[in-house]
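Here is the structure we will look at, set down as structure tokens.
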Amino acid sequence: MEIADTICAVSTPPGEGGIGILRISGPLAHNILREIFQPRRKRNIFAPRTLHLGYIVNPESRDKVDEVFAVFFKAPYTYTREDMAEVYSHGGFSTQQSILSLMMKCGARLAEPGEFTKRAFLNGRIDLLQAESVLDIIQGETDDELKCAMEHLEGRLSGRIKLIQEDIKEALVVVEVLIDFPDENIDVDPEGAFSRLRKADKEIERLVESYYLGRAIRHGMEVLIIGRANVGKSSLLNSLLLKERAIVTPLPGTTRDLIEDIIHIKGIKIRLVDTAGLRTPKDVVEEEGIERVKRRIPEADLILWVLDGARAYSEEDEDIHREVACRNTILAINKIDLPQKLERPVLAAKSLKWQEISALDNTGIEDLKNAVHERLVGKRSRRNKILITNLRHREVLHKTHESLQRAIGAYERSEPLEFTAFELRDALSHIGEITGETCPDEILHTIFDRFCIGK
């Protein structure tokens, strides 16, 4: 795809820094750089892919703006497959804005969010899945997030999708041959094609299932810490975070609202949510806090139910047990550093299993973290598997799976082949949305609008 105009942007975060990077992409990139850049050594030829030391100057006044390095890249061997230039200036805000203003005066326009990567996609350098992985790399917080994003950028998932597409196309070709030439003895193998199609459908199911672990790595899982008042929920939150995030006092009902923070356990991002103590509310503020907890319980990936080991099992505890009985729950008995009054046989009679901890002196906290990880991820080990980390990809693959199931079913029931062909075309249309071959413009806009301007 040919794009006529030239764009520019600051690619480094705003604020003071040792260096600032400005980018230009488009047909005027080379000319703009020559207009505003003055090498310290006079050169007739501005060699591409060579770093040049010099000054950014105002073309009209010839005033120097900054001492910089500059480099020119010749299409198509660039990030966008267009002519590009980059300027490495000092990292001050005023300096970068002055250089950006000069670029725009010389014919460039300010890039839209994600426009450099969007041009890389539109010009065929990367597919849409790889473009999305660029943002995942920028926003990644853990080693596992970065690893997944790099696998997608390198094309491992795209390659798997292309193989599935080829199997669907092969089955569609066979079906269309049988439709168009029913009386001719054409050498096609429908059984072989549909055997491979079934295997492709199984691979789609595996990818869809991998989203659970992929979501845990990319977006994190929510763990809701609940219990009656003054059992040490806030102390446990602070202990898990290794910092004083929540206020802790001996007074019941100190925590009135939800308090959230992030920890990482074995590469999994976990959003911990401390909550108000569940009891009969004393005032309207506490009542609202308790209602928020109850609304959040069905949404949580895991409930961390805290009991006070220094107090007997109460009716309030039993109310909470009824609330979480059908949920994914870990029971933690806190305050084991104090004399114990909680009757363990009562818990055992309810078939409850528990972790014993002391949030005060961190006893059992590492074991609790391991239990949380095991309960959330279980045996879903990566083992170098390709994971789906994007909800859009999961939904598209699920639609593809449904279309393939209908196509395979129609073929096996010997229904008119036109029905099978229709579903196979539908499957190809769905799966093409992942790599961008059939993706609507509004989805493209939404995806690239999430990027920063300089990327």
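Quick rundown of the values:
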| item | result |
| --- | --- |
| Considering residues of region 415-432 that are touching a residue at least 40 places away in the same chain (Cβ under 8 Å) and of a type in the set (D, E, K, R) only, the residue farthest from Val177 (Cα to Cα) | Arg425 |
| Selection from region 156-187 of residues that are over 22 Å from Ser429 (Cβ atoms) and either in contact (Cβ under 8 Å) with a residue 24 or more places away in the chain or crowded, with 16+ Cβ neighbours inside 10 Å (or both) | Arg156 |
| Qualifying residue in region 281-290 (condition: closer than 30 Å to Pro339 by Cα, at pLDDT 85 or above, of a type in the set (D, E, K, R) and over 34 Å from the mean Cα position of the chain (by Cα)) | no |
| Spans of helices (runs of 4 or more DSSP H) in region 369-455 with at least 3 residues at pLDDT below 90 | 441-449 |
| Residue that is surrounded by the most Cβ atoms within 10 Å (Cβ to Cβ) [pool: residues in region 337-368 that are among the charged types (D, E, K, R) and not in a helix (DSSP H, G or I)] | Glu356 |
| Verdict on Ala131 being over 16 Å from Ile431 (Cβ atoms) and part of a helix (DSSP H, G or I) | yes |
| Positions within region 18-62 being loosely packed, with under 11 Cβ neighbours inside 10 Å and either modelled with pLDDT of 95 or more or within 23 Å of Arg119 (Cβ to Cβ) (or both), in sequence order | Arg49 |
| Residue satisfying condition, being hydroxyl-bearing (Ser, Thr, Tyr) and in the same structural domain as Gly267 (by TED's automatic domain parsing), within set Thr329, Thr420, Thr400 | Thr329 |
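The values are calculated or read from the model by the stated rules, or taken from the named source; none is laboratory data. Source: prediction; values computed, not measured. For neighbour counting, all protein chains shown are included, and Cβ atoms are generated from backbone atoms with ideal geometry for every residue, glycine included.
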